[in-house]
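The values are calculated or read from the model by the stated rules, or taken from the named source; none is laboratory data. Just so it is clear, the structure is predicted and the values come from calculations on it, not from any experiment. So basically every Cβ, Gly included, is an ideal-geometry build from the backbone, and we count neighbours across all protein chains shown. Just so you know, the surface numbers come from the protein's heavy atoms only, side chains and all, with ligands and any DNA or RNA stripped out. Shrake-Rupley method; radii C 1.70, N 1.55, O 1.52, S 1.80 Å.
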Amino acid sequence: MANKIVIIGTGFAGVWSALSARRLIDQANKASEFEILVVAPEPVLVMRPRLYESNASSLVQNLDPLFHAAGVKFIPGTVQKINCDAQTIDVQPMSGTALSITYDRVILAAGSSVIRPESIPGLQQHAFDIDSLASAIKLETHLEGLASRQASRSRNTVVVCGAGFTGIELAAELPKRLQHIIAHPRIVLVGREPELGSSLGSGPRPTITTALNALGVETKLGSGIAAVDPEGVILASGERIQANTVVWTAGVRATPLTQQIPGPRDAFSRLLVDPYLRVPSAKGVLASGDAAGALADGKSNYAFMSCQHAIQLGRVSGYNAAAELLDQPLMEYSQPTYNCCLDLGPWGALVAGGWDEKKVKISGDLAKQVKMYINQELIYPPADVKDALALAGPVQPDSDQLFEQLIQVVG
């Protein structure tokens, strides 16, 4: 009977897990002894890091041709249950009756979702988000529909809730997105923390502030959202902002499937994994991408819930799932350096390096070219299966080396 590696999810970690496992199996000339299955609702990779941009429906890559060429079987469906003791998963197909799939190794790479607190009245009913392709398309349809509404302060105002990475990128992009609809849109970025981008550290903050000021984006910090209604928001401070458009970007949590696997989890509900991305308390289970609480630098810094880390987590988890079954040495996950690239709309972008006190390396137009190359080229798996498998190995340039390569490409 063939060894079966099951991967849950087609995000960045899921895709690269499948390719990395296939690469090692092919190198060992054991293709006939293995079956690689990927389970997700659709065989598509959503470019989630780009959903703050316009034309959301185009930000998706069809994975069918790549999976077919790589010999990866895709099962359209949603995983209802992971049975760790029996080493099976229960799947509800997109059509047909439920089925149970056995596995020798399973990689949980089902991503994360935005947290919408039930404690905020009206948030569920009246706020948009850009957490998924469907929600980004819904927001875009709404924004385009503003053109048919009577001009008013409420129509012309967008409130972005959450002054972190996603909120900043969306707020900076909105003036350009709305310019053909509203002559002078009012964009208000609201954050509970007293500073912009608290997780980004103090280094990038002056650049972010300069960019948002140049774009005319208002900031209201140190006060969260108390309530949302069809005509605006009420801040925790008691201030009311009239707005027909409210977008929630604050906070994410790992897939609920992590709750079905025994073992400790972190504050984001990510499964804490060993250096090889295995869940120690569940035989045959690995976690990857946003589902994995993985130590990245061997010290105290854990991988962020970002595509930069998800891609490499996928490469390592796929490799190790196959390596264990092939009785080959495992590879430790490691991303000791970190660089973030923040889009700041028409103003430009910034690239900052370091885990804690992030220092700005470049900003403005050059950083924007880097960001565009990342968004439009780097994060897309190659369409050619040979090229994709060549990039699927667990050893890759670190973030500093990659940054230098990007500068050479765009500069």
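Helix 165-178 and the longest principal axis of the C-alpha atoms of the chain enclose an angle of approximately 60°.
Counting only lysines at least 8 places from Lys386 when in the same chain, those with an alpha carbon closer than 18 Å to its own are Lys30, Lys73. Relative contact order for segment 133-250: 32 percent, from Cα pairs under 8 Å spaced at least 6 residues apart, divided by residue count.
Placing Met1, Met305, Met94, Met372 in order of accessible area, with the largest value first and a 1.4 Å probe, yields Met1, Met94, Met372, Met305.
Around the Cα centre of segment 133-250, unit charges on the Cβ atoms of Lys, Arg, Asp and Glu (plus for the first two, minus for the last two) sum to a dipole of about 200 debye. Each Lys and Arg Cβ is given +1 and each Asp and Glu Cβ -1; about its Cα centre, segment 287-362 then shows a dipole of about 300 debye. When both segment 213-234 and segment 13-84 are represented by their alpha-carbon centers, they are found 38 Å apart. Here the chain carries DSSP beta bridges of which approximately 50% are antiparallel, counting only pairs with both residues inside. Here the mean projected area of the convex hull built on the C-alpha positions of segment 239-357 is 11.0 nm². On a per residue basis, the chain carries 42 Å² of accessible surface, using protein heavy atoms and a 1.4 Å probe. Taking all protein chains as shown and a probe of 1.4 angstrom, Ser57 keeps an accessible surface of around 70 Å². Charge tally around Gln92: other residues with Cβ under 15 Å, Lys/Arg +1 each, Asp/Glu -1 each, net -1. One decimal place: the segment Val44-Glu118 gains 23.6 nm when fully extended, by the rule 0.36 nm per residue minus the C-alpha distance. Loop-located trypsin sites (Lys or Arg not before Pro) in segment 243-315 (DSSP state not H, G, I, E or B) with no more than 15 neighbouring Cβ atoms inside 10 Å: Lys283, Lys299. Using a Gaussian network model of the chain in which every pair of alpha carbons under 10 angstrom is joined by a spring, one finds that among Thr245, Thr210, Thr102 the greatest mean-square fluctuation is at Thr210.
Solvent-accessible area of Asp266, all protein chains in place: 40 Å² (probe radius 1.4 Å, heavy atoms, ligands and nucleic acids excluded). P(r) tail for the chain, what percent of Cα pairs lie past 30 Å? In whole percent, the long-distance tail amounts to 43. Remark: spin-label model distance Asp387-Gln27 equals 2.1 nm, labels positioned 7 Å along the Cα→Cβ axis.
Charges were assigned to the Cβ only: +1 to each Lys and Arg, -1 to each Asp and Glu. The resulting dipole of the chain about its Cα centre is roughly 560 debye.
Ranking of Leu24, Leu221 by solvent-accessible surface, largest first: Leu221, Leu24 (1.4 Å probe, protein heavy atoms only, all chains present). Only alpha carbons enter this Debye calculation for segment 58-119, each as an equal point scatterer, and the log10 of I(q)/I(0) it gives at q = 0.17, 0.28 Å⁻¹ is -0.84, -1.22. When Tyr276, Tyr333 are compared by accessible area at a 1.4 angstrom probe, the order from most to least is Tyr276, Tyr333.
Using the alpha carbons alone, the radius of gyration of segment 146-189 stands to its Kirkwood radius in an Rg to Rh ratio of 0.99. Under 16 Å from a label point set 7 Å out along the Cα-to-Cβ vector of Ser58, the amide N atoms of segment 148-188 belong to 177-178. Compactness of segment 133-250, taken as the C-alpha radius of gyration over 2.2 N^0.38 Å, stands at 1.02. Dipole orientation for the chain: of the candidates Gly411, Leu325, Val188, Val188 has the Cα lying most toward the positive pole (charges on Cβ; Lys, Arg +1; Asp, Glu -1).
Solvent-accessible area assigned to carbon and sulfur over the chain amounts to 51 percent, based on a 1.4 Å probe.
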